[in-house]
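These notes concern the structure reproduced below.
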Amino acid sequence: MSKRIELETRYGARNYHPLPVVLTRGEAVFVWDDTGKRYLDMMSAYSAVSHGHAHPRLIELVREQVGTLNIVSRGFHTDKLGPFLERACRLTGQEMALPMNTGAEAIETAIKAARKWAYEVKGVAADEAEIIACTGNFHGRTIAIVAMSDEPQYRDGFGPFPAGFRLVEYGDIDALEAAINGNTAAFLVEPIQGEGGIVIPPDGYLKAAEEICRRNDVLMIADEIQTGLGRTGKMLACEHEDVHPDCLVLGKALGGGVLPVSLFLARRDVMEVFTPGDHGSTFGGNPLAAAVGLEALNIMVEEDLAGRSAELGDYLLRQLRAIDSPLIREVRGRGLFIGIEIESKFAGAREVVEALMHRGLLSKETHETVVRLAPPLVIGKSEIDWALEQIRDVIAEMDRIRLAS
Ligand SMILES: *Cc1c(COP(=O)(O)O)cnc(C)c1O
């Protein structure tokens with residue numbers, strides 16, 4: 001084992017199971033390990049690196065802002081926060097935004113907003129508000145958020161959990177309608193479940209959910225931390241069904257691959273339930289993060305990263321579906337957000353991921369059976385063709401071994 005891996009393993013908590021590679025540098029769609037070997041990053045930190053590693057415009061901006069002003073308390077105004085929030089609201093059609101750092105914090109913010117809105121605006125009795133989430137969801141790792149999870153490993157050993165959450169089957173519109181009652185504050189949903197295994201709900205599900213929420217005075221909160229900002233071929237994945245959620249959560253790519261930057265965005269009457277002292281974050285909305293967030297959004301639009309994602313994702317999806325092997329159970333995705341489901345009778349996703357790593361392609365398995373491909377959106381067609389070659393070869397090799405044994 002390399003000394004560096006040994007050190008990390010000895011002193012670091014084992015809450016991850018990293019591939020045996022030590023990365024030291026990144027540029028655009030590539031990263032390099034400590035032996036100088038180059039890899040194509042088809043994982044991009046769960047979409048946090050949609051702009052590619054060290055995007056020149058972001059690095060230039062960070063250099064300048066770092067030497068100017070980085071952190072001040074939200075107890076003061078800055079020249080950077082307003083323009084960032086305005087841009088984010090305009091791009092997403094939301095009225096107001098609240099800045100946090102990580103995705104989980106922005107989801108917590110959404111939960112607090114929805115509950116307070118239920119009491120103050122909707123008129124739900126004290127402590128009775130309910131939030132509906134979906135089976136297979138992933139919204140982060142805090143105690144309240146794992147309270148919504150149905151993944152045993154995310155919960156086991158971490159109870160007791162806060163009450164007020166209810167689960168419905170993802171993709172089942174009748175289940176949603178049946179779960180709503182007078183105390184329902186919000187329906188929290190991922191337009192495509194990322195950690196759940198790139199799960200796409202039936203056509204029309206989000207549109208129908210929007211209609212049901214509106215009819216019942218329930219807030220629709222879209223968690224677009226992973227699907228948002230071009231990942232699925234549109235600025236927001238909700239746009240595929242022309243859905244306009246009441247509240248929206250962004251993170252990951254919003255930080256331009258440089259910093260953690262997240263936002264909870266909402267309708268004015270929802271955001272206005274917050275008054276000074278209700279909620280906050282030392283680092284949320286700091287001038288460095290706000291400057292990075294604004295530039296990340298500008299680049300997203302000016303480089304048409306959503307358009308690239310749509311075009312190249314379509315191509316990658318078609319080519320992957322054309323691979324004829326019993327090892328591949330299904331290929332699904334939208335834009336450059338693709339999952340290859342491996343037939344578990346024959347192999348695990350981890351085997352495929354490790355074989356790809358040896359060939360210089362980094363990806364990550366999710367749920368043991370799905371190989372996730374979500375490269376930086378700045379990737380080019382030639383790099384995608386190279387990746388396809390590696391995937392075809394790995395699958396063919398595993399087929400040969402399987403038939404020989
Ligand atoms: C990653 C993710 C989160 C949590 O974000 P963190 O920054 O890791 O806290 C929440 N929701 C979705 C859909 C995600 O993919």
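The values are calculated or read from the model by the stated rules, or taken from the named source; none is laboratory data. This structure is a prediction, so every number in the text was calculated from the model and none was measured. Please note: Cβ atoms are built from the backbone with ideal geometry, for glycine as well, and neighbour counts cover all protein chains shown. Note: accessible area is taken over every heavy atom of the protein model, side chains too, but ligands, DNA and RNA are not part of it. Shrake-Rupley method; radii C 1.70, N 1.55, O 1.52, S 1.80 Å.
For the reader, a short list of remarks on this structure follows.
- Inter-site label distance for residue 1 and residue 150 at 7 Å from Cα along Cβ, in nm: 3.7
- In this simple spin-label model, placing a label point 7 Å from the Cα along the Cα-to-Cβ direction at both residue 166 and residue 269 gives a separation of 2.1 nm.
- Backbone N under 20 Å from the residue 86 label point (7 Å along Cα→Cβ), restricted to region 227-269: 263-268
- Among 294, 61, 188: highest mean-square fluctuation, GNM of the chain, C-alpha pairs under 10 Å: 61
- Computed extension length for residue 354-residue 318: 10.6 nm, one decimal, from 0.36 nm per residue of separation with the Cα-Cα distance subtracted.
- Residues 145, 323, ordered by accessible area of protein heavy atoms at a 1.4 angstrom probe radius and largest first, appear as 323, 145.
- GluC sites (Glu not before Pro) restricted to DSSP loop in region 312-405 with at most 11 other C-beta within 10 Å: 368
- Compactness of the chain - radius of gyration and Dmax, Cα, Å: 21.4, 68
- Taking the helices alone, the chain has a mean residue ellipticity at 222 nm of -11000 deg cm²/dmol, built from -39,500 (n - 2.57) per DSSP H run of at least 4 residues and averaged over all its residues.
- Euclidean distance between Cα centres, region 167-182 to region 229-306, Å: 27
- The string of couplings for region 267-276 from the Karplus curve (6.51, -1.76, 1.60, θ = phi - 60°) is 4, 4, 5, 7, 5, 6, 6, 7, 10, x Hz, one whole number per residue in order, with x for Gly and Pro.
- Label-point separation, residue 244 to residue 16 (7 Å along Cα→Cβ), nm: 3.9
- For the chain, a Gaussian network of Cα nodes joined below 10 Å ranks 181, 101, 15 by mean-square fluctuation, and the top entry is 15.
- Amide H contacts under 5 Å for residue 330: 341, restricted to partners 5 or more places along the chain or on a different chain, H placed in the peptide plane at 1.01 Å from N.
- Highest mobility in the GNM of the chain, judged by mean-square fluctuation with C-alpha springs under 10 Å and restricted to 386, 117, 32, is found for 386.
- Summary value for region 56-302: 31 percent relative contact order, contacts being C-alpha pairs under 8 angstrom separated by 6+ residues.
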